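S.K.: Okay, here's the structure, questions in a sec.
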Amino acid sequence: MAGEARFMTDSSKKPVYSVDTSAFIDWQFRYYPSDIFSSLLDKVDQLLKEKRVFASSLVKEEINAVGGAELTAWAKARSPLFVPLNELIGEAQAIQNRFPGLRDPKAEYDEADAYVIALAKLYEGEVITGETSFSEKKNPKRSHYIPDVCRELGIPCISFLGLMRREKWKF
């Protein structure tokens, strides 16, 4: 695989994480803003230094579109975080074909969801997302969300808070 050296896949190593846009939004805007949780930046940067956290380049595009100036600047300064689509496209297309309900029928652009899952699947990682499953939504817009597909594929899927707990971060 083209990106194989990029990731740790040995089961004796710590987990690798594939991060969805919603998790970055949760981190920076909803729950753990950097002006209050400043040491969280260092912890995420340490995961990046250890080559244990990644996101699809489509996540970067979504951050640029909806992430705000601070998150966009943060992402721009961490280009090694983002995996090119050509490393994920085959697996992402297979996921989209198997789970057509993962795509938002009203989306006007490529969505990152299948690529986030593909990254985790290809490199035996875990997905970090702020999304909830279909069954937890009052008026779902589609039949599958990241947690639903991860469950069906046997891929661990946790929230940003779940990441902090898994890594045993204390503040």
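S.K.: Using a 1.4 angstrom probe and counting only protein chains, how large is the accessible area of Asp148 in Å², to 10?
M.R.: 10
S.K.: In Å², what does the accessible area per residue of the chain work out to with a 1.4 Å probe? Can you show the working numbers first?
M.R.: Numbers: 9110 Å² over 171 residues.
Heavy-atom SASA per residue in the chain reads 53 Å².
S.K.: Counting only pairs 8 or more residues apart or on different chains, how many lysine pairs in the range 31-171 have their Cα atoms under 26 Å apart?
M.R.: Value for the range 31-171: 28.
S.K.: Which whole-angstrom value gives the distance between the alpha carbon centres of the range 39-84 and the range 139-156?
M.R.: 23
S.K.: Taking all protein chains together and a probe of 1.4 Å, list Leu47, Leu153 from the most accessible to the least accessible.
M.R.: Sorted by accessible area, descending: Leu153, Leu47.
S.K.: Place a point 7 Å from the Cα of Asn139 along the Cα-to-Cβ direction; which residues of the range 89-111 have their backbone N under 19 Å from it?
M.R.: Answer for this model: 104-107.
S.K.: Report the normalised scattering of the chain as log10 I(q)/I(0) at q = 0.08, 0.14, 0.17, 0.19 Å⁻¹, calculated by the Debye formula with identical scatterers on the alpha carbons.
M.R.: Taken in order of the listed q values, log10 I(q)/I(0) reads -0.22, -0.70, -1.07, -1.35.
S.K.: Tell me the relative contact order for the chain as a rounded percent, counting alpha carbon contacts under 8 Å between residues six or more apart.
M.R.: Value for the chain: 27 percent.
S.K.: Counting only residues 5 or more places away or on other chains, whose amide H sits under 5 Å from the amide H of Glu126 once H atoms are built in the peptide plane?
M.R.: Val16, Tyr17, Ser18
S.K.: Where does each of Glu50, Glu62 land when they are ordered by accessible area, with a 1.4 Å probe and the largest first?
M.R.: Glu50, Glu62
The values are calculated or read from the model by the stated rules, or taken from the named source; none is laboratory data. Remember, it's a predicted structure, so these values are computed and weren't measured experimentally. Heads up, the Cβs are rebuilt from the backbone with ideal geometry, glycines too, and the neighbour counts pull from every protein chain shown. Accessible surface is based on the protein model in full, side chains and every heavy atom, while ligands, DNA and RNA are left aside. Shrake-Rupley method; radii C 1.70, N 1.55, O 1.52, S 1.80 Å.
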